[in-house]
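Notes follow the structure.
The values are calculated or read from the model by the stated rules, or taken from the named source; none is laboratory data. Quick caveat, the model's predicted, so the values are computed rather than measured. All Cβ positions, even for glycine, are placed from backbone atoms using ideal geometry, and neighbour counts span all protein chains on display. Surface accessibility is based on the protein's heavy atoms, side chains included, excluding ligands, DNA and RNA. Shrake-Rupley method; radii C 1.70, N 1.55, O 1.52, S 1.80 Å.
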Amino acid sequence: MSRALPKYNKRRVGLVGGAAAVALTGAVIAGSALAGESSDGGGADARTLAGPGTISCPDVASQLPAVPASAQAEVTRNLEQLDQQVAEANKRLVDTVGQGGPNFVRNAILGPLEDKRIATVNRIATSIGRTADRPAGLDSLAACTLTK
């Protein structure tokens, strides 16, 4: 008697093995397609990383001298722009969690934010300086920090 499997057993083993391979491939594909989806269906972030913190900046409005009426609209618009810049930086901070090296937040988020804030604070000082004494030392309010 031969030690080889009879022909019909070889076919059965091949058929069962092929079916198992197809089933496992389908399970892997379905599992990877569903990976990261939460059970609430709200598209919540599935990452379990620690919170990135928030960006904290000095309040410019409280440090301004009396603003002339002719400059009030421009100063208000620029103060709103400062708030928008911080909000955008906080959003970027959340969106880029885990990216870059140890100085990523400083180089990619805080540095550019400080540059934008310096320009905006200078516009505020210029608009006040058109009709009154230009406030000095407002550039020191441009630097922001990361708080955890």
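Within segment 103-127, which residues are of a type in the set (A, V, I, L, M) and either assigned to a loop (DSSP other than H, G, I, E, B) or under 25 Å from PRO52 (Cβ atoms) (or both)?
VAL105, ALA108, ILE109, LEU110, LEU113, ILE118
If a residue has to be out of contact with any Leu (no Cβ under 9 Å at 6 or more places or on another chain) and of a type in the set (Asp, Glu) to count, how many in segment 59-97 make the cut?
Here the count works out to 4.
Quick one: how many residues across segment 111-140 are open to solvent by less than 30 Å² (accessible area, probe 1.4 Å), of a type in the set (A, V, I, L, M) and modelled with pLDDT of 95 or more?
5
Counting only residues that are outside any loop (DSSP other than H, G, I, E, B) and either closer than 25 Å to ALA89 by Cα or free of Cβ contacts under 8 Å to residues at least 40 places away in the same chain (or both), how many does segment 128-148 have? Break it down stepwise before answering.
Of the residues in segment 128-148, the ones outside any loop (DSSP other than H, G, I, E, B) are 128-129, 138-141, 145-147.
Restricting the remaining residues to those that are either closer than 25 Å to ALA89 by Cα or free of Cβ contacts under 8 Å to residues at least 40 places away in the same chain (or both) gives 129, 138-141, 145-147.
Number satisfying all stated conditions: 8.
In segment 62-91, what residues are open to solvent by less than 50 Å² (accessible area, probe 1.4 Å), in contact with a helix residue (DSSP H, G or I) (Cβ under 6 Å, 6 or more places away or on another chain) and free of Cβ contacts under 8 Å to residues at least 40 places away in the same chain?
LEU82, GLN85 - these are the residues of segment 62-91 that are open to solvent by less than 50 Å² (accessible area, probe 1.4 Å), in contact with a helix residue (DSSP H, G or I) (Cβ under 6 Å, 6 or more places away or on another chain) and free of Cβ contacts under 8 Å to residues at least 40 places away in the same chain.
Which one is modelled with the highest pLDDT, of the residues in segment 92-105 that are exposed (fewer than 12 other Cβ atoms within 10 Å of the Cβ) and not polar (S, T, N, Q)?
Checking each candidate, the answer is ASP95.
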